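Read through the structure below, which is laid out as structure tokens, and then see the notes.
The values are calculated or read from the model by the stated rules, or taken from the named source; none is laboratory data. It should be emphasised that the depicted structure is a prediction, and the values quoted were computed from it without experimental measurement. Methodologically, a virtual Cβ is constructed for each residue, glycine included, from the backbone with ideal geometry; neighbour enumeration extends over all protein chains shown.
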Amino acid sequence: MEDNEKFIVRGGRPLVGEIKLAGAKNAATKLLVATLLTDEECIFENFPRIGDVEVVKELCAILGSEIRAIDSHLVIHTPEIKTTRVASLHRRNRIPILALGPLLNRKGEAEVPIVGGDKIGPRPVDMHLESLKELGAKIEINDNFYRASVSGRLKGADITLKYPSVGATEQVILASVLADGKTTVSNSAVEPEIMDLIKFLQKMGAIIELGTNRTITIHGVPKLHGARHKILPDRNEAVSFACLAVATNGRILVNGAEQDHLITFLNDLRRIGGEYEVVGDGILFWRARPLTAVRIETDTHPGFMTDWQQPFLTMLTQANGESSIHETVYEDRFGYTRDLNLMGADIKVVDACLGNLPCRFKDKKCPHSAIVKGPTPLHGAKLKVPDLRAGMAHILAALIAEGESEISGVFEIDRGYEKIVERLSFLGADIKRVSN
Ligand code: EPU
């Protein structure tokens, strides 16, 4: 990971113009893993060129994939799994663990590195591993690897997740599409990116049913074939650009933004004084009145997404009154607010649950609610990005602030946002990338 670049940002300009969303990071990475389930060629359109995808391309290449990228098209073909052991890529991101199911299905054994990802709490993978055991896999863990094996085929099972985890739901789907018999996942996650994975698997020949109450049923089939798929637009990018429009008092048309992926966000944006219009195949965002405070709780889809709270909270520093955000998905995702306070914000992070949603962190000592008092003028500062989404909070804060900010650790931002400097400059931002 390169850590020798910084962004220099001068704030105070409204961002105005039109921008096109890249394909969703959190779909593209899983779709690449899904292609390991077939020995035929798969083609993706709208494929994002971001750091996290490069890690997964490396993973697939180690396993035997031939990959070609042409503009935003990506062609991937894994005629043969050349090895079932991935000896590198430790703690780079959270995707390698999802290769366990495809490898077990094709080869009966797998060894993949321990997951990494953002520093936003402990992020256990117990549900991934328990689910694979329920499907008949034997699992061993050491400091560096997860090792899995199965004699014969994985066998369908009834699995109930203790929490609707995105990754664990994907793990079960990827492991059970080629399993023997029927698998049900109760209390599954239903994020749009999971629906995109299901659509792609259907095109490959899978049989997957969506039931009521977060139940997904997978009927195992003996073989999957190649498929072509256009990746859904990145809703996290959409929210970032919407917040940039409203926070800088600009006006941005976000092409590709899909209303049905953003329902909760659009409601909260309007509550605080932002406005939007669904036009053509995009959404236009602007500020309709002076911003006012709101109370928000993050949740699994279709709730307010945890990946949206960072730009939203940063925007709330400009809203009149006292806002709060109760983070119910991750126990430690407000670290970036220390930097916002250095820039002049008034944010207090507390252990209490500031809201009514059921919360796994109730009575635990973890800083998972934030109180934001505003409006507060922000001034430029030296910032270090702790994780990808916090990076967008930093960029947004720097663009609102008076004066110059220096943002380091920008490889975290590059993991998830394609050509961010070029695209923000196109909207009128004063931002440049410099080498240390
Ligand atoms: N969890 C467990 N055990 C497990 C799995 C998860 O306790 O076996 C807990 C986690 O610790 C967390 C909660 O369940 O408290 C939710 O985790 P989930 O599994 O849903 O998240 P994930 O699959 O690891 C994906 C995205 C995240 C996004 C979350 C929630 C990817 C690669 N990552 O993570 O995106 O925040 O879902 O929607 O898809 C990002 O893009 O910046 C990012 C962090």
(Q) Can you pull out every residue in segment 30-82 that is within 22 Å of E412 (Cβ to Cβ), in contact with a strand residue (DSSP E or B) (Cβ under 8 Å, 6 or more places away or on another chain) and among the basic types (K, R)? (A) R49, K57
Q: Search segment 190-206 for residues that are under 20 Å from M305 (Cβ atoms) and small (G, A, S) and pair each with any residue that is within 15 Å of the ligand (Cβ to nearest atom) and part of a loop (DSSP other than H, G, I, E, B) when their beta-carbon atoms are under 9 Å apart and the residues are at least 6 apart or on different chains.
A: none
Q: Check whether at least one residue in segment 292-299 is more than 21 Å from I395 (Cα to Cα), within 15 Å of the chain's Cα centre (by Cα), within 16 Å of the ligand (Cβ to nearest atom) and touching a residue at least 12 places away in the same chain (Cβ under 8 Å), and report yes or no.
A: yes
Q.
Looking at V185, V221, V172, can you tell me which residue is buried (at least 18 other Cβ atoms within 10 Å of the Cβ), outside any strand (DSSP E or B) and at negative phi?
A. V172
Q. For segment 388-416, what are the residues that are more than 18 Å from G11 (Cβ to Cβ) and surrounded by 22 or more Cβ atoms within 10 Å (Cβ to Cβ)?
A. L388, R389, E412, D414, R415, G416
Q) If you take the residues of segment 398-427 that are touching a Lys or Arg at 6+ places or on another chain (Cβ under 8 Å) and in a strand (DSSP E or B), which of them is farthest from T292 (Cα to Cα)? A) S408
Q: Determine which single condition A87 fails, assuming it passes every other condition in (1) within 16 Å of the ligand (Cβ to nearest atom); (2) part of a loop (DSSP other than H, G, I, E, B); (3) free of Cβ contacts under 8 Å to residues at least 60 places away in the same chain.
A: (1)
Q: Taking the options A22, A61, A27, name whichever one is at pLDDT 95 or above, surrounded by fewer than 16 Cβ atoms within 10 Å (Cβ to Cβ) and among the small types (G, A, S).
A: A61
Q: Determine which single condition I141 fails, assuming it passes every other condition in (1) among the aliphatic types (A, V, I, L, M); (2) modelled with pLDDT under 95; (3) within 11 Å of the ligand (Cβ to nearest atom).
A: (3)
Q. Out of K364, K373, which single residue is within 16 Å of the ligand (Cβ to nearest atom) and either buried (at least 17 other Cβ atoms within 10 Å of the Cβ) or assigned to a loop (DSSP other than H, G, I, E, B) (or both)?
A. K364
Q. Would a scan of segment 387-397 turn up a residue that is assigned to a helix (DSSP H, G or I) and over 21 Å from T306 (Cα atoms)?
A. no
Q: From (1) away from the ligand (no atom under 13 Å from the Cβ); (2) in contact (Cβ under 8 Å) with a residue 40 or more places away in the chain; (3) buried (at least 16 other Cβ atoms within 10 Å of the Cβ); (4) more than 16 Å from the chain's Cα centre (by Cα), pick out the condition that doesn't hold for M127.
A: (1)
Q. Which one of the conditions (1) buried (at least 24 other Cβ atoms within 10 Å of the Cβ); (2) within 13 Å of the ligand (Cβ to nearest atom); (3) over 26 Å from the mean Cα position of the chain (by Cα) does A179 fail to meet, given that it meets all the rest?
A. (2)
Q. For segment 272-284, does any single residue satisfy the condition of being within 16 Å of the ligand (Cβ to nearest atom) and in a loop (DSSP other than H, G, I, E, B)?
A. no
Q) Out of L210, L201, L161, which single residue is modelled with pLDDT of 95 or more, more than 10 Å from the ligand (Cβ to nearest atom) and closer than 22 Å to P96 by Cα? A) L201
Q. Among P102, P113, P96, which is the only one that is more than 12 Å from the ligand (Cβ to nearest atom) and modelled with pLDDT under 95?
A. P113
**Q.** Criterion violated by D268 - all others in (1) surrounded by fewer than 20 Cβ atoms within 10 Å (Cβ to Cβ); (2) over 26 Å from G428 (Cβ atoms) satisfied
**A.** (2)
Q | Scan of segment 155-169 for residues that are over 16 Å from L132 (Cβ atoms) and surrounded by fewer than 19 Cβ atoms within 10 Å (Cβ to Cβ), ordered by number | A | Y163
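Residues checked against (1) within 11 Å of the ligand (Cβ to nearest atom); (2) in a strand (DSSP E or B); (3) surrounded by fewer than 20 Cβ atoms within 10 Å (Cβ to Cβ); (4) within 22 Å of the chain's Cα centre (by Cα):
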| site | (1), (2), (3), (4) |
| --- | --- |
| P302 | no, no, yes, yes |
| W308 | yes, no, no, yes |
| L313 | no, no, no, yes |
| Q318 | no, no, no, no |
| E322 | no, yes, yes, no |
| I325 | no, yes, no, yes |
| T328 | yes, no, no, yes |
| F334 | no, no, no, yes |
Q | Selected residue (criterion: modelled with the lowest pLDDT) from residues of segment 42-56 that are over 23 Å from V254 (Cβ atoms) and buried (at least 17 other Cβ atoms within 10 Å of the Cβ) | A | V55
